[in-house]
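Student: My questions all concern the structure below.
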Amino acid sequence: MKNMLVAQSGGPSAAINATITGVIDAGLASKEVGHVYGALNGIKGVLNENFVLLDDACSTKEDRDLLSITPAAALGSCRLKLKDPEKNSKEFEKIINILRKHEIGYFIYAGGNDSMDTVYKLSKYCEQQGIDDIKIMGAPKTIDNDLGETDHCPGFGSAAKFIASVFSEIACDSFVYDVPSVTIVEVMGRNAGWLTASAALARVKERRAPQLIYLCEVAFDEGRFLDDLRKALKKENNIIVAVSEGVKTADGNYVGEETKSGKEDVFGHKYLSGVGKYLEGLVSEQIGCKVRSIELNVLQRCAGHMLSETDIIESRNLGAFSAISAIRGESGKMSAIERTSNDPYLITLKLANLSKIANFEKKVPLEWISEEGNDIKKELVDYLRPLIQGEVNIPYENGVPKHFVL
């Protein structure tokens, strides 16, 4: 009998703990698993042998149910990039020795693009070294919805539900005044505009807001943006704009790049900041109407009070599927979603090849974006809408949501 280890890395989300819960569910239910451990702070926690026994911490169904609807990352996270095993084999040798020391035969790692790079490298190292006593599986996570080989990603549905709700409330606020105004809302999305597109889900028959949507898949032109606003203001007084934080000019520069400083994280991603604020200044100077910018920032990642039931159920099932697949002998793959029907919405779970996922970004198809580049088409709305369906009963304590804490 072998033990199971689960860890998570990258940015937190409202659903990653549901995926972790699914792993724990499967581990506790299996006769092939002795104990279920959690590594604190991702692969860094593995290297530091910083483990917690989840058998005890999540022993009851009530504990696990609360964990599944608790936002962020209960096991902590990291952004540590493993080097190529051919250049730094000692790091991989250390990980394998640590796993064997704790009799861990199943390692489940939950995360996004960079996390799947870790799973891919570690599983390839095991394959090359003939190591078959440890099975390594990936479980998807990213609110950016940019992982390949899966219809959509855990955490995205809840983030999209939050964004759509926020835009609906911003519209309620903006439309009370009869003077011309522009509200620019900056939404997360470095190179993929899925989250920004979800703002369209706020639209209703009575009010089409946001009126303008700019995704990072289409080159951003300031002159065209100002023309779009002028045309929109001729039709109605209050205009709401959704814009991806990662919109770029035709020459490939981020409009919101932090003062062009060139600062990057450990994975080589540039820090972005301020496209909304920048456009606010542009509109104030060139159009002169009342204008404000809003940056949703980290609120869209961990809005646990506004979960998509669909997202939480799927996330928990994906975690369990990764764990069960490892127990069955699978390794070096990621659990994923295949949509089999849109109306009614139906899915099936599958295993995806990590070589097609690691360090790959799935972007919004250009054919789902309007020819003018300032809106999205019905096909994208139809893709998005099922993912935000259903509400979760959130327990409250002293007037605020109750969360699980390790």
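Student: Pick out the one residue from Ile43, Ile104 that is within 18 Å of Met334 (Cβ to Cβ), surrounded by 17 or more Cβ atoms within 10 Å (Cβ to Cβ) and not polar (S, T, N, Q).
Tutor: Ile43
Student: Is it the case that some residue within segment 228-251 is closer than 26 Å to Ala110 by Cβ and surrounded by fewer than 19 Cβ atoms within 10 Å (Cβ to Cβ)?
Tutor: no
Student: Moving on. Looking only at segment 169-179, which residues are surrounded by fewer than 17 Cβ atoms within 10 Å (Cβ to Cβ) and in contact (Cβ under 8 Å) with a residue 40 or more places away in the chain?
Tutor: Once the filter is applied, which keeps residues that are surrounded by fewer than 17 Cβ atoms within 10 Å (Cβ to Cβ) and in contact (Cβ under 8 Å) with a residue 40 or more places away in the chain, segment 169-179 yields Phe175, Tyr177, Asp178, Val179.
Student: Considering (1) in contact with a Lys or Arg (Cβ under 8 Å, 6 or more places away or on another chain); (2) assigned to a loop (DSSP other than H, G, I, E, B); (3) in the same structural domain as Glu86 (by TED's automatic domain parsing); (4) among the small types (Gly, Ala, Ser), say which one Gly130 fails and leave the rest.
Tutor: Result: Gly130 fails condition (1) only.
Student: Could you give me the residue pairs with C-beta distances under 8 Å whose first residue belongs to segment 228-250 and is in contact (Cβ under 8 Å) with a residue 24 or more places away in the chain, whose second residue is among the acidic types (Asp, Glu) and surrounded by fewer than 13 Cβ atoms within 10 Å (Cβ to Cβ) wherever it lies, and which are 6+ apart or on separate chains?
Tutor: Close Cβ pairs (under 8 Å, with a partner that is among the acidic types (Asp, Glu) and surrounded by fewer than 13 Cβ atoms within 10 Å (Cβ to Cβ)) amount to Asp228/Glu372; Asn237/Asp178.
Student: Could you tell me whether any residue of segment 275-296 is modelled with pLDDT of 55 or more, over 22 Å from Ser181 (Cα atoms) and of a type in the set (Asp, Glu)?
Tutor: No, the conditions are met nowhere in segment 275-296.
Student: Within the bounds of segment 6-19, is there any residue that is in a loop (DSSP other than H, G, I, E, B) and free of Cβ contacts under 8 Å to residues at least 12 places away in the same chain?
Tutor: no
Student: While we're here: List the pairs whose first member sits in segment 350-374 and is farther than 11 Å from Lys333 by Cα and assigned to a loop (DSSP other than H, G, I, E, B), whose second member is among the hydroxyl-bearing types (Ser, Thr, Tyr) and modelled with pLDDT of 95 or more, and whose Cβ atoms are under 7 Å apart, counting only residues at least 6 apart or on separate chains?
Tutor: Asn374/Tyr214
Student: Also, I was wondering about something else. At pLDDT 95 or above and among the acidic types (Asp, Glu): does that describe Glu86?
Tutor: Answer is no for this residue.
Student: For segment 299-318, give me each residue that is of a type in the set (A, V, I, L, M, F, W, C), touching a Lys or Arg at 6+ places or on another chain (Cβ under 8 Å) and buried (at least 24 other Cβ atoms within 10 Å of the Cβ).
Tutor: Matches in segment 299-318: Leu307 only.
Student: Something else now. In segment 193-209, how many are surrounded by fewer than 24 Cβ atoms within 10 Å (Cβ to Cβ), under 25 Å from the mean Cα position of the chain (by Cα) and assigned to a loop (DSSP other than H, G, I, E, B)?
Tutor: Of the residues in that region, 1 qualify.
Student: Taking the criterion of being assigned by TED's automatic domain parsing to the domain that holds Ser198 and among the small types (Gly, Ala, Ser), would at least one residue in segment 312-324 satisfy it?
Tutor: no
Student: Can I ask one more? Out of all the residues in segment 30-37, is one or more more than 22 Å from Asp311 (Cβ to Cβ), in a helix (DSSP H, G or I), touching a helix residue (DSSP H, G or I) at 6+ places or on another chain (Cβ under 9 Å) and not aliphatic (A, V, I, L, M)?
Tutor: no
Student: Moving on to the next point. Could you list all residues from segment 148-187 that are among the aromatic types (Phe, Trp, Tyr) and farther than 28 Å from Lys290 by Cα?
Tutor: The one that is among the aromatic types (Phe, Trp, Tyr) and farther than 28 Å from Lys290 by Cα: Phe156.
The values are calculated or read from the model by the stated rules, or taken from the named source; none is laboratory data. Please read these numbers as outputs of a predicted model, since none were measured by experiment. Glycine also receives a Cβ, built like all others from the backbone with ideal geometry; neighbour counts cover every protein chain displayed.
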